[in-house]
Amino acid sequence: MDIDDILQEVDPTVYRIPQEKRDLQELTRAWIAERSAPELLPWPPNDLFERINAAIKRQIERVEELTGDMDPKSNFALIVIQTELERYKYLVRSYLRARLAKIDRHTLHYLSSDALRARMSDIELAYATRHQALLHNHYLSSFLSSFPPNLQNLNDAVGGISMIETPDLDTAVIIRLLKDSFVEGRGVDSDGALQMKEGDIVILRWADAKPLVEAGKAELV
Amino acid sequence: MPMYGDLGNKLVIHAKRTQGLAHLPPYQTELVRAVTREVRDLNRDVESLLEPFQGSFDPTQDHATACTLLVNHLSMRRNKRCLLAYHRTRTDKLEEMVWNGVDVADLAGPQAGGGRGNGPGGAADGGSSSGSNLSPQEEDYVRQYSDLLAAYKGQWTDIDLTGSLEPPRDLFIDVRVLKDAGEIQTEYGAINLTKNSQFYVRQGDVERLIQQGYLQKLG
């Protein structure tokens with residue numbers, strides 16, 4: 001998959017791409033975006049992962065069928081399919097791990113509100129909840145339980161500083177514009193604003209890029 | 001005379017050092033206990049200071065007491081942060097080991113002989129030396145976390161989540177055997193992995209063995 005594929009995908013005139021291919025493109029985009037965004041992005045909607053899982057399962061079965069065949073021609077096909085399968089699996093794995101790393105880093109933050117919880121899949125939510133419970137338990141049994149009761153919380157916000165760490169939304173990201181749009185960015189010394197064209201690439205803070213990405217006007221690269 | 005927070009600082013230094021190490025250094029049981037004790041003492045001080053006021057303490061009337069209270073208060077919170085940071089650093093490290101497939105029994109069982117020799121399932125670097133370096137609570141934690149991870153991974157049966165995070169380039173790779181690993185089954189028949197031999201195998205089949213240090217990827 002290369003840039004042309006990505007560009008083609010967002011071209012509204014192309015509708016005849018088969019579902020499987022669209023799923024792969026969607027996965028690739030989600031993967032790229034997840035790896036560059038500093039905060040957890042919403043779990044892909046529309047059962048994307050159910051379809052991906054089914055596709056992987058189908059290919060694995062296919063490989064098993066072909067393995068018995070000693071015909072050199074199908075043997076070559078087998079290697080191609082297996083390579084593709086490994087790459088597909090890598091995408092999924094890397095994507096899931098990237099998300100998990102973010103969830104582990106700021107577990108309490110992502111559990112703190114319904115809107116943030118909704119970004120996780122059911123399995124991720126279960127994982128995060130359980131992980132946090134384990135950690136808390138560990139702290140309690142290691143030292144917290146012998147603390148005075150008013151100091152046992154993990155979510156104090158005394159002195160205006162919350163104990164819950166949040167991701168840094170001001171980290172720089174690089175985005176590519178998908179539609180002509182007006183881009184505003186905050187700088188250190190002064191803020192900037194620019195009228196930009198489709199295909200332009202710009203580096204700016206995630207907090208500024210987020211609305212554009214969510215509106216489908218830009219994508220992370 | 002030691003000051004409030006000195007002990008907490010030591011913990012942070014330990015944590016900082018842990019981050020750069022391949023293995024997990026011993027748990028500082030004494031230090032953790034001492035810092036916790038300091039918090040309790042401080043809290044007792046605060047309570048005894050406040051006692052004569054019967055809940056009607058006015059900071060603007062008595063600056064000296066207010067200042068003492070503030071310092072005590074901040075010291076307690078600082079100690080708590082130090083403790084949290086120390087424990088979190090260690091659990092992060094432990095989680096990383098669990099992800100890397102270090103055998104939990106090896107990590108947690110200080111009495112197990114397998115911890116020293118590299119017996120079957122002998123863990124990669126770090127695993128063997130950190131056997132007794134865990135606190136009992138940490139051993140529990142590792143066990144529970146492995147269960148949690150196994151449960152999460154169970155939802156993605158077709159994708160080995162603990163697999164390599166390097167993008168796969170080739171289906172087949174050259175590997176050299178570093179430690180005897182016995183016989184493994186592949187689609188193309190069984191391979192006997194004896195030390196110093198070299199094979200051309202499917203990467204997916206030997207991923208785990210590479211991670212555990214039995215095989216080395218070549219080229």
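The values are calculated or read from the model by the stated rules, or taken from the named source; none is laboratory data. Here the structure is a predicted model, which means the values were calculated and not measured. Note that each Cβ is placed from the backbone with ideal geometry, even for glycine, and that neighbours are counted across all protein chains shown. Areas reflect the complete protein model, heavy atoms only, side chains present, ligands, DNA and RNA absent. Shrake-Rupley method; radii C 1.70, N 1.55, O 1.52, S 1.80 Å.
Restricting the search to helices (runs of 4 or more DSSP H) fully inside segment A:57-141 and requiring at least 2 residues that are at the interface with chain B (Cβ under 9 Å from one of its Cβ atoms) and either more than 20 Å from the chain's Cα centre (by Cα) or small (Gly, Ala, Ser) (or both) gives A:72-105. Restricting A:Glu39, A:Glu20 to residues that are touching a residue at least 24 places away in the same chain (Cβ under 8 Å) and open to solvent by 80 Å² or more (accessible area, probe 1.4 Å) narrows the list to A:Glu20. Applying the condition of being of a type in the set (Asp, Glu) and more than 17 Å from A:Asp168 (Cα to Cα) to segment A:183-221 and asking which residue is least open to solvent (accessible area, probe 1.4 Å) yields A:Glu219.
The sole residue among B:Ala123, B:Ala105 that is away from chain A (no Cβ under 11 Å) and either open to solvent by less than 50 Å² (accessible area, probe 1.4 Å) or modelled with pLDDT of 85 or more (or both) is B:Ala123.
Restricting to segment B:132-151, name every residue that is open to solvent by less than 10 Å² (accessible area, probe 1.4 Å) and at the interface with chain A (Cβ under 9 Å from one of its Cβ atoms).
Residues of segment B:132-151 open to solvent by less than 10 Å² (accessible area, probe 1.4 Å): B:135, B:138, B:141-142, B:145, B:149.
Residues satisfying the conditions are B:Ser135, B:Glu138, B:Tyr141, B:Tyr145, B:Leu149.
Out of all the residues in segment B:158-181, which are more than 9 Å from chain A (Cβ to nearest Cβ) and surrounded by fewer than 13 Cβ atoms within 10 Å (Cβ to Cβ)? Once the filter is applied, which keeps residues that are more than 9 Å from chain A (Cβ to nearest Cβ) and surrounded by fewer than 13 Cβ atoms within 10 Å (Cβ to Cβ), segment B:158-181 yields only B:Arg169. Among the residues of segment B:39-85, the ones that are without any contact (Cβ under 8 Å) to a residue 12 or more places away in the chain, in contact with a Ser or Thr (Cβ under 9 Å, 6 or more places away or on another chain) and within 14 Å of chain A (Cβ to nearest Cβ) come to 1 in all. Within segment B:53-70, the set of residues being within 28 Å of A:Ser142 (Cα to Cα) and open to solvent by 70 Å² or more (accessible area, probe 1.4 Å) comprises just one member, B:Leu70. Just one of the listed residues (A:Val80, A:Val92) is under 17 Å from A:Lys21 (Cβ atoms) and modelled with pLDDT of 85 or more, namely A:Val92.
Closer than 28 Å to B:Tyr86 by Cα, in a helix (DSSP H, G or I) and not aromatic (Phe, Trp, Tyr): does that describe B:Glu207? The answer is no for B:Glu207.
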